[in-house]
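Scroll down for the structure; my scribbles are underneath it.
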Amino acid sequence: MLVSIVISTLYKRPREFRECLESIISQTFPPIEVIIINGSFDGSWERVRHEFEGIFKKMKNKGIVVKHISVPGASLPHARNIGVKSSKGDIVLFLDDDVVLEDDYLKKLVEVYETYPTAMGVQGFITNRINMHNPLIRFKFLKFLWWLLQRGYYEVDLHKQLPSFFEILPYKVTKVINRESFSGTNMSYRKEIFEHMEFDERLKRYAIGEDKDFSYRVHKIFPNSLYQTPHARLIHQEAPAGRLPSKQFETMKQVYHLYLFYKLFEQNPRNKTSYILGRIGDLMLHSILFVTSGFKKEKALKIVYMLEAMWLALANRNRIKKGDINFWMNRGS
């Protein structure tokens, strides 16, 4: 079973990307190719090009084909679709450029496909994502409150995608489990999936929610075909460079999440209530963070941006429902 890796990058976090590529080189089960979609458009690639030429040569010496495709300004879904069309493996693995894989990550990922022939997608386990001292894990009352507000919470060996667009997340995975959606940091699919589906290119730029959109559609078409294994381990460094400023992020989040809610979930009272409660829960969380931070200005601005974005999405819900979701980009957000 051959694996192609697709990475979309703007080259704005070169240290983390180098560490990502080095971890791919160290794999005990190497991929046949790494396809890098270079979306930089501001000289970021040119400034670090000399730093990566040595790494690319090192990959080629290990028998890994390197395909470097420049698509300036490509959105994440567009970059992923280009990567898929250029891939030759049986499995296509998408990675963020700031993850670091353990040496046997690919070996353990492929083992799930071999063990579960109906698997259409497999994801590894991010070891540094959830702090075991998180209050939502320690205090049952908070867990109940977050369930009530459809804000998502943590469980052992359980994942569910909520209509609120939050999730019940496994903070601990002790065995191979089913998932209903994936995180785009590390998600893989059988190549055959892309004969019928592609990433939604209506979602632009950082394209918040594109990973949930694609994976949840796979889940709906092929129930119980998405898996997560605790044995394919990685860390996500979550480097801030290359991410959207706060106001743009909040606007994109509210508009795109409402679009995906209309697209993916049945429009019944239960699901609509879940979605509304999720927005209330998010506001409540950030209000608490504002108070506990000592009323810091940036926390207050976060709430203001959230309220403005929620109102914008609500006021334009009919055009969002029809797929007109990028009107806000022309408003100087």
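The values are calculated or read from the model by the stated rules, or taken from the named source; none is laboratory data. All values derive from a computational prediction rather than experimental measurement. Using ideal geometry, Cβ is built from the backbone for each residue, glycine included, and neighbour counts are taken over all protein chains shown. The area values use the complete protein model at the heavy-atom level, side chains included, leaving out ligands, DNA and RNA. Shrake-Rupley method; radii C 1.70, N 1.55, O 1.52, S 1.80 Å.
Could you tell me whether LYS321 is open to solvent by 80 Å² or more (accessible area, probe 1.4 Å), under 27 Å from GLU201 (Cβ atoms) and under 23 Å from the mean Cα position of the chain (by Cα)?
When the stated conditions are applied, LYS321 passes them.
Name the residues in the range 77-115 that are among the hydroxyl-bearing types (Ser, Thr, Tyr) and crowded, with 16+ Cβ neighbours inside 10 Å, would you?
Within the range 77-115, SER87, TYR105, TYR113 qualify.
Of the residues that make up the range 31-49, is at least one at pLDDT 95 or above and open to solvent by 30 Å² or more (accessible area, probe 1.4 Å)?
yes
Using beta carbons and a limit of 6 Å, which pairs, at least six apart or on different chains, have the first residue in the range 185-203 and part of a helix (DSSP H, G or I) and the second one of a type in the set (S, T, N, Q) and loosely packed, with under 15 Cβ neighbours inside 10 Å?
Partner pairs satisfying both residue conditions: none exist.
When you look at ILE130, is it surrounded by 12 or more Cβ atoms within 10 Å (Cβ to Cβ), at pLDDT below 95 and either in a loop (DSSP other than H, G, I, E, B) or charged (D, E, K, R) (or both), yes or no?
Spelling it out, ILE130 is indeed surrounded by 12 or more Cβ atoms within 10 Å (Cβ to Cβ), at pLDDT below 95 and either in a loop (DSSP other than H, G, I, E, B) or charged (D, E, K, R) (or both).
Taking SER183 as meeting all but one of (1) within 15 Å of the chain's Cα centre (by Cα); (2) farther than 24 Å from TYR11 by Cα; (3) open to solvent by less than 20 Å² (accessible area, probe 1.4 Å), write down the number of the exception.
SER183 satisfies all of (1) within 15 Å of the chain's Cα centre (by Cα); (2) farther than 24 Å from TYR11 by Cα; (3) open to solvent by less than 20 Å² (accessible area, probe 1.4 Å) except (2).
Just give me the residues in the range 120-157 being more than 29 Å from MET1 (Cα to Cα) and of a type in the set (Gly, Ala, Ser), in sequence order.
Selection gives GLY152 alone.
In the range 204-229, how many residues are part of a loop (DSSP other than H, G, I, E, B) and farther than 22 Å from TYR262 by Cα?
2
Out of all the residues in the range 1-29, which are of a type outside the set (Asp, Glu), over 20 Å from VAL110 (Cβ atoms) and buried (at least 18 other Cβ atoms within 10 Å of the Cβ)?
SER8, THR9, LEU10, TYR11, LYS12, ARG13, PRO14, PHE17
Looking at (1) farther than 19 Å from TYR216 by Cβ; (2) in contact with a Lys or Arg (Cβ under 7 Å, 6 or more places away or on another chain), can you tell me which one GLY323 breaks?
Here GLY323 meets the rest and fails (1).
Inside the range 116-127, can you point out the residues that are crowded, with 20+ Cβ neighbours inside 10 Å and assigned to a loop (DSSP other than H, G, I, E, B)?
If the condition is that a residue be crowded, with 20+ Cβ neighbours inside 10 Å and assigned to a loop (DSSP other than H, G, I, E, B), then ALA119, MET120 are the ones that fit.
I'm trying to understand the selection: among the residues of the range 230-272, which are of a type outside the set (A, V, I, L, M, F, W, C), part of a helix (DSSP H, G or I) and either modelled with pLDDT under 95 or under 28 Å from ASN330 (Cβ atoms) (or both)?
Selection gives SER246, LYS247, GLN248, GLU250, THR251, LYS253, GLN254, TYR256, HIS257, TYR259, TYR262, LYS263.
For a quick check of your reading of the model, give me the residue pairs whose first member lies in the range 272-293 and is over 11 Å from PRO163 (Cα atoms), whose second is in a helix (DSSP H, G or I) and of a type in the set (Phe, Trp, Tyr), with beta-carbon atoms closer than 8 Å and at least 6 apart or on different chains.
Listed by first residue and then by second, the contacts come to GLY281/TRP146.
Determine whether the range 102-115 contains at least one residue that is more than 18 Å from GLN27 (Cβ to Cβ), of a type outside the set (A, V, I, L, M) and without any contact (Cβ under 8 Å) to a residue 12 or more places away in the chain.
No, because not a single residue in the range 102-115 is more than 18 Å from GLN27 (Cβ to Cβ), of a type outside the set (A, V, I, L, M) and without any contact (Cβ under 8 Å) to a residue 12 or more places away in the chain.
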